[in-house]
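Engineer: Below you'll find the structure I mean.
The values are calculated or read from the model by the stated rules, or taken from the named source; none is laboratory data. Here the structure is a predicted model, which is why all the values come from computation and not from measurement. Here the Cβ positions follow ideal geometry from the backbone for every residue, glycine too, while neighbour counts run over all protein chains shown.
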Amino acid sequence: MTVVTAERIATAGQAVRIAAELAEVFAAGAAERDFSRRLPHEELDQLSASGLLAITVPAEFGGADLPPSVVAEVVRILAAADPNIAQVPHSHFVYLNLLRLAGTRAQRRDYFGKVLAGARIANAQSERGGATVAEISTVLRLVDDASVGNGEREHVVPSQTDAGSAGIGARRFVVEGTKYYCTGSLFADVLAVLTRLDDPQGISGLKPGEYVAFVPALEPGVRIIDDWDALGQRTTGSGTVEFAGVVVGLEQLVSRTSAVNAPTGYGAFAQLLHAAIDAGIARGALEAAAEFVRTRSRPWFEAEVAHAADDPLVAQRFGELAVAVAAAESTLIVAGAAVDAAVRPGAVAAQAVAENAHSVASLEGDGAQASIAVATAKILADRAANEVSAAIFEVGGTRSAAAEHRLDHFWRNARTHTLHDPVRWKYQHIGRAVLHNRPPPLHGVI
């Protein structure tokens, strides 16, 4: 486990202040870390030690129970300094939310306790073999106790009689497969592995569907590969993870289906944090562009001014960019408030289904409203991050393109992170809500 002594954060103000302090430290080396691809192990230990990674732990388990809007602001502040570091805990917060919604009390006590002590959770979710990203081929296979001893990983499914006599609590499963784009896996203590259970006969005692297996990163059979080579977000540790006969118990499995296929705000929360990363990149790029123009750029001769910052056309462009960033930040605040209403402290998936069943077919429910608000914020943040990070060179002039200034990392990070889920589908869901009062789908990506 991560060897840190984590502080305890109690209030939103404290969380934002600590995030700002860390952001100042992280910003100093962000461009150079990106250029040399130096993984931020030390910086992530600082993040764990600060207590920020535990701010969503429910109060009953010793946490601050801070709402999604505060998490989004923390992520935005960190992303303005180093979006790589800001993206690493994205899955961490998403899977803590899954535990809150669908985990048993014992699971929540266990994993929330680990996080309060400084542990980090990373995702092992995406695959490449399916026709779309939504297809998951990593299947949970039931095994008997005799087949998992002495390093053997033989897949043996017990008979119906055996299953009935052994007791559900003794059930063990094996996970095998390969996952890609596993952000934060190189820094993780626990991997949240997305799997599928096909069990029509009910031998396992679980309902068929998608489950997240919480697997220790150092578990035998887990191989984390540092092969992430994207043009941006180069230090997020988003490599490949292989699982070869990894054995898990029921106590490690949490139903993703029950959280996603219900109006819980699960997807809206995850998307809110993605929007926060993009809004942070936009703000960081704007500040870097302004500093470069003030201190390094030469004015265009036709402007007849002594300093580039006094060129009226440059000032006009900065005004346009500033409006784009402000719009992204403002809609992020609105979206955060909407997700706060949808993700109520203490709520679990079953409660959300019961409370919102009447509104599933319309936009009445908080979850649907939150998804639409977040989709709006995501569109504007995507647009601002890409536009402002590219405009650095437009306003900075020829010398801004020199490699020594490392200004390209803003655009590369924006272009890479905004590929996560296409905003063209956000427009579709917003348009259908306006025209037909149709709520967005429940699939966890809006």
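Engineer: Could you pull out the residue among Val248, Val254, Val241, Val314 that is in contact with a Cys (Cβ under 9 Å, 6 or more places away or on another chain) and surrounded by 20 or more Cβ atoms within 10 Å (Cβ to Cβ)?
Structural biologist: On inspection, the qualifying residue turns out to be Val241.
Engineer: State which residue pairs qualify: first residue touching a residue at least 24 places away in the same chain (Cβ under 8 Å) and in a loop (DSSP other than H, G, I, E, B) and inside region 41-52, second residue surrounded by fewer than 24 Cβ atoms within 10 Å (Cβ to Cβ) and not β-branched (Val, Ile, Thr) in any location, beta carbons under 7 Å apart, and separation of 6 or more residues or different chains.
Structural biologist: Close Cβ pairs (under 7 Å, with a partner that is surrounded by fewer than 24 Cβ atoms within 10 Å (Cβ to Cβ) and not β-branched (Val, Ile, Thr)) amount to Gly51/Ala6; Gly51/Glu7; Gly51/Arg8.
Engineer: Looking at this structure, is Val75 aliphatic (A, V, I, L, M) and either in the same structural domain as Phe214 (by TED's automatic domain parsing) or surrounded by 16 or more Cβ atoms within 10 Å (Cβ to Cβ) (or both)?
Structural biologist: yes
Engineer: Could you check region 382-416 and list, in sequence order, the residues that are touching a Ser or Thr at 6+ places or on another chain (Cβ under 9 Å), of a type in the set (Gly, Ala, Ser), in a helix (DSSP H, G or I) and under 18 Å from Arg317 (Cα atoms)?
Structural biologist: Those that are touching a Ser or Thr at 6+ places or on another chain (Cβ under 9 Å), of a type in the set (Gly, Ala, Ser), in a helix (DSSP H, G or I) and under 18 Å from Arg317 (Cα atoms): Ala385, Gly396, Ser400.
Engineer: When region 292-335 is examined, which residues are found to be assigned to a loop (DSSP other than H, G, I, E, B) and of a type in the set (Ser, Thr, Tyr)? Reasoning before the result, please.
Structural biologist: We begin by selecting, within region 292-335, every residue assigned to a loop (DSSP other than H, G, I, E, B); these are 296-300, 304-307, 311.
Hit for region 292-335 is Ser297, nothing else.
Engineer: Let me ask you something else. All but one of (1) surrounded by fewer than 24 Cβ atoms within 10 Å (Cβ to Cβ); (2) closer than 21 Å to Gln125 by Cβ; (3) hydrophobic (A, V, I, L, M, F, W, C) hold for Ala64, so report the exception by its number.
Structural biologist: (2)
Engineer: Among the residues of region 359-374, is any closer than 22 Å to Arg317 by Cα, in a helix (DSSP H, G or I), assigned by TED's automatic domain parsing to the domain that holds Val323 and in contact with an Asp or Glu (Cβ under 9 Å, 6 or more places away or on another chain)? Explain how you work it out, then say what you get.
Structural biologist: Our first condition is that a residue be closer than 22 Å to Arg317 by Cα; within region 359-374, this holds for none.
There is no residue in region 359-374 that is closer than 22 Å to Arg317 by Cα, in a helix (DSSP H, G or I), assigned by TED's automatic domain parsing to the domain that holds Val323 and in contact with an Asp or Glu (Cβ under 9 Å, 6 or more places away or on another chain).
Engineer: Can you tell me which residues in region 73-109 are in contact with a strand residue (DSSP E or B) (Cβ under 6 Å, 6 or more places away or on another chain) and either in a loop (DSSP other than H, G, I, E, B) or at pLDDT below 95 (or both)?
Structural biologist: Answer for region 73-109, where residues must be in contact with a strand residue (DSSP E or B) (Cβ under 6 Å, 6 or more places away or on another chain) and either in a loop (DSSP other than H, G, I, E, B) or at pLDDT below 95 (or both): just Gly103.
Engineer: Those residues that are acidic (Asp, Glu) and either in a helix (DSSP H, G or I) or in contact with a Phe, Trp or Tyr (Cβ under 8 Å, 6 or more places away or on another chain) (or both), I need them from region 1-32; list them, please.
Structural biologist: Correct list: Glu21, Glu24, Glu32.
Engineer: Another question about this same structure. Only residues that are of a type in the set (A, V, I, L, M, F, W, C), over 15 Å from Arg141 (Cα atoms) and assigned to a strand (DSSP E or B): list them for region 171-214, please.
Structural biologist: Residues satisfying the conditions are Cys182, Val190, Leu191, Ala192, Phe214.
Engineer: If you don't mind, there's one more thing I want to ask. Could you check, for region 136-144, whether at least one of its residues is touching a Cys at 6+ places or on another chain (Cβ under 9 Å), modelled with pLDDT of 85 or more and not small (Gly, Ala, Ser)? Full working, then the answer.
Structural biologist: At the first step, the residues of region 136-144 found to be touching a Cys at 6+ places or on another chain (Cβ under 9 Å) are none.
No, region 136-144 contains no residue that is touching a Cys at 6+ places or on another chain (Cβ under 9 Å), modelled with pLDDT of 85 or more and not small (Gly, Ala, Ser).
Engineer: Go through region 234-281 and give me each residue that's assigned to a strand (DSSP E or B) and in contact with an Asp or Glu (Cβ under 8 Å, 6 or more places away or on another chain).
Structural biologist: Gly239, Thr240, Phe243, Ala244, Gly245, Val246, Ser255
Engineer: Could you please find all residues in region 261-291 being hydrophobic (A, V, I, L, M, F, W, C) and within 12 Å of the chain's Cα centre (by Cα)?
Structural biologist: Ala268, Phe269, Ala270, Leu272, Leu273, Ala275, Ala276, Ile277
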